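Novice: Here it is, the structure in full.
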Amino acid sequence: MAISNMEVRRINRNNIFRHILKLNEFSKNEVAISLGLSLPTVTQGVEYLESIGLVEQAGVLPSVGGRRPMSYRCRKNAKVAMGVDITTNHVNIVVVNMALQVLYQHRYKEVLDESEASLEWLGKTMAAAMQSLNIPAEDILGIGFSIPAIVGEDGSVILAIHESMKISQRFFQKLREKTTLPFMMINDANSAAHAECSYHDRKSFVYFFLSNSVGGAYVDQEGKIQYGRLMRAGEFGHMTLHPGGKKCYCGRKGCLNEYCNTMLLSNLTGGNLEQFFVKVREKDAACLEVWETYLDDLSLACHNLLNIYDIPIVLGGYLGEYIGEYIPELERRVISYDSYIAGHSMLFAPRQKRMAAAIGAAGRFVEQFIAGI
């Protein structure tokens, strides 16, 4: 099917805007050369973006002969989005601009439930974050809620939620009645994977989400997350790791979730995962013993995922902030299961180590906005 001229212009505008979001200042000629577009095409695109308030003039560049070219910059903060990552014991809130640069972040030790008090606390806390940045409501694209749940395709329905959570569909229905801003719910692992996709150009990888619960996502060759027919793709936490082993909250035995969730580590240090790794570096005997067992189970899980997907694995979630220095040891253990991967880098720490799920949830609104330019 032939593409109309209007659609071609829209695609060009979109590509121009995505490119200049990565830059501080730019000239039209530089963008034309980088994207392989004609100067008139870029001029038309930049003028349109300027007309809707997403680009502004920054000054005049030195002359290279003839008229001095104008310098421009993208108004990255012209639109923002909020991400709220709700876990069993914490609420993480971020506000990001269109380049997914974090303008605000805070982690609250708060257990949300179905009460009016929880709804009021969350509403006031989100409002305070926006007020601290002095952002008018019309510039807020929406609020993405990252939760440990299987969520319907349009982000409006919870199909299943982790048993440790004290909120349900009803909580978000009440919340929707209290806000005029668009919002959606997103699976936490998918949210974190979305953030990872936004921070680098790696195509096709597995995002292995290792937090208080275990999940993941499969990112295809187009850099898009595949959700599966029943929105359950990437539910790695419920693969059987040890048949007949520990009982999982899902009712089955031996699920990966029971062997690789990070509470197995943080529970040794009062719920503080950072302190657990401090103890590991200090050679604390109890923490080292648990970490060794954890690495054994994690390496078996990575081996299984590599056999299924045969693409790089990014180890994210809460563990992602600390796993980097242990990747060589983890790879050594995986190679003991499968020597074919020796000499190939297949395991990686995430680029986005903190607040990834919240950033990714906010990023869904940013992506929708940019796609519509």
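Novice: So if I place +1 on the C-beta of Lys and Arg and -1 on the C-beta of Asp and Glu, and nothing else carries charge, what would the dipole magnitude of segment 98-171 be about its Cα centre? I want it in debye, nearest 20.
Specialist: 280
Novice: Quick one: if the Förster radius is 22 Å, what FRET efficiency do A99 and A233 give, using the C-beta to C-beta distance and rounding to 0.05?
Specialist: It comes out at approximately 0.20.
Novice: Additional query: If you count only protein heavy atoms with a 1.4 Å probe, what accessible area per residue comes out for segment 1-80, rounded to a whole Å²?
Specialist: Normalised by residue count, the accessible surface of segment 1-80 is 62 Å².
Novice: Between segment 192-226 and segment 1-55, what is the C-alpha centre distance in whole Å?
Specialist: Rounded to whole Å, the Cα centres lie 28 Å apart.
Novice: Around L122, what is the net charge, scoring Lys/Arg as +1 and Asp/Glu as -1 over all other residues with Cβ under 15 Å from its Cβ?
Specialist: Its environment carries a net charge of +1.
Novice: Let me ask something additional. As I understand it, the dipole of the chain uses +1 on the Cβ of Lys and Arg and -1 on the Cβ of Asp and Glu, about the Cα centre. Which of G83, A356, P69 lies farthest toward its positive end?
Specialist: Result: P69.
Novice: Out of (i) 1.01; (ii) 1.06; (iii) 1.48, which label holds the value of Rg/Rh (Cα atoms, Kirkwood Rh) that was computed here?
Specialist: (i)
Novice: Looking only at segment 48-177, where both bridge partners belong to it, what percent of the DSSP beta bridges are antiparallel (to the nearest 5)?
Specialist: Approximately 80 percent, going by the DSSP bridge assignments.
Novice: Still on this structure, I have one more. For R252 and D310 in the same chain, what is the full-extension length gain: residue separation times 0.36 nm, less their Cα-Cα distance, in nm?
Specialist: Full-extension gain reported as 18.2 nm.
Novice: Rounded to the nearest 20 debye, what is the charge dipole size of segment 220-356 about its Cα centre when +1 sits on each Lys and Arg Cβ and -1 on each Asp and Glu Cβ?
Specialist: 440
Novice: Give me the percent of Cα-Cα pairs in segment 108-203 that sit more than 24 Å apart, rounded to a whole number.
Specialist: 28
Novice: Using only the Cα atoms of segment 218-317, build the gyration tensor, take square roots of its eigenvalues as a ≥ b ≥ c, and label the shape rounded, prolate or oblate: rounded if a/c is under 1.5, else prolate if a/b is larger than b/c, else oblate.
Specialist: Taking the square roots of the gyration eigenvalues as a ≥ b ≥ c, segment 218-317 is prolate.
Novice: OK, next. At 7 Å along the Cα-to-beta-carbon direction for both S38 and V157, put a label point, then send me their distance in nm to one decimal.
Specialist: About 4.8 nm, to one decimal.
Novice: Of I158, L100, V334, which is farthest on the positive side of the dipole of the chain, counting Cα position, with +1 on Lys and Arg Cβ, -1 on Asp and Glu Cβ, and the Cα centre as origin?
Specialist: Comparing the listed Cα positions along the dipole, L100 ranks first.
Novice: Something else now. What part of the accessible area of segment 326-373, given as a whole %, is carbon or sulfur when the probe is 1.4 angstrom?
Specialist: 52
Novice: Which residues among segment 299-317 fall inside the zone where the amide N is under 16 Å from a point 7 Å beyond the Cα of Y337, along Cα→Cβ?
Specialist: Output list for this probe position: 299-316.
Novice: Identify, among N272, G36, Y309, the residue whose Cα sits farthest towards the positive end of the charge dipole of the chain, taking +1 on the Cβ of Lys and Arg and -1 on the Cβ of Asp and Glu, with the dipole about the Cα centre.
Specialist: Selected residue: G36.
Novice: Antiparallel versus total DSSP beta bridges in the chain: what percent is that, nearest 5?
Specialist: Of those bridges, close to 65 percent are antiparallel.
Novice: If you take the beta carbon distance between Q169 and S204 as r and set R0 to 41 Å, what does 1/(1 + (r/R0)^6) give as a FRET efficiency, to the nearest 0.05?
Specialist: 0.80
Novice: D296 label point, 7 Å along Cα→Cβ, cut-off 18 Å on backbone N: hits in segment 326-340?
Specialist: 329-338
Novice: When the dipole is taken about the Cα centre of the chain, and only Lys, Arg (+1) and Asp, Glu (-1) are charged at their Cβ, what size is it in debye, to the nearest 20?
Specialist: In total the dipole reaches around 760 debye.
Novice: Equivalent ellipsoid semi-axes for segment 307-365, as square roots of 5 times the alpha carbon gyration tensor eigenvalues: give them largest first, rounded to whole Å.
Specialist: Listed largest to smallest, the semi-axes of segment 307-365 are 26, 13, 7 Å.
Novice: Please give the per residue volume of the convex hull enclosing the alpha carbon atoms of segment 165-239, rounded to a whole number of Å³.
Specialist: Each residue corresponds to 131 Å³ of Cα convex hull volume.
Novice: A further question on this structure: Per 5 Å bin, what is the whole-percent P(r) computed from every C-alpha pair distance within segment 268-373?
Specialist: Values per bin, smallest distances first: 2, 11, 18, 18, 16, 14, 10, 6, 3, 1, 0, 0.
Novice: Turning to a different aspect of this structure: Computing the accessible area with a 1.4 Å probe over protein heavy atoms, can you report the carbon and sulfur percentage for segment 223-265?
Specialist: Ligands and nucleic acids excluded, carbon and sulfur give 51 percent.
Novice: Also: Based on alpha-carbon atoms only, what is the radius of gyration of segment 144-287 relative to the globular estimate 2.2 N^0.38 Å?
Specialist: 1.18
Novice: Let me ask something additional. Percent of accessible area on segment 90-189 owned by carbon and sulfur, 1.4 Å probe?
Specialist: 51
Novice: What does the C-alpha gyration tensor say about the overall shape of segment 1-102? Classify as rounded when a/c is under 1.5, otherwise prolate if a/b is larger than b/c, or oblate.
Specialist: In terms of gyration-tensor shape, oblate.
Novice: Still on this model: Note down the net charge around Y72, summing +1 for each Lys or Arg and -1 for each Asp or Glu among other residues with Cβ under 9 Å from its Cβ.
Specialist: -1
Novice: Rounded, prolate or oblate: which fits segment 1-43, taking a ≥ b ≥ c as square roots of the Cα gyration tensor eigenvalues, rounded meaning a/c under 1.5, else prolate when a/b beats b/c?
Specialist: Cα axes put segment 1-43 in the prolate bin.
The values are calculated or read from the model by the stated rules, or taken from the named source; none is laboratory data. This is a predicted model, so every value here is computed, not measured. Every residue, glycine as well, gets a Cβ built from its backbone with ideal geometry; the counts of neighbours run over all protein chains shown. Please note that ligands, DNA and RNA were not included when accessible areas were found on the heavy atoms of the full protein model with its side chains. Shrake-Rupley method; radii C 1.70, N 1.55, O 1.52, S 1.80 Å.
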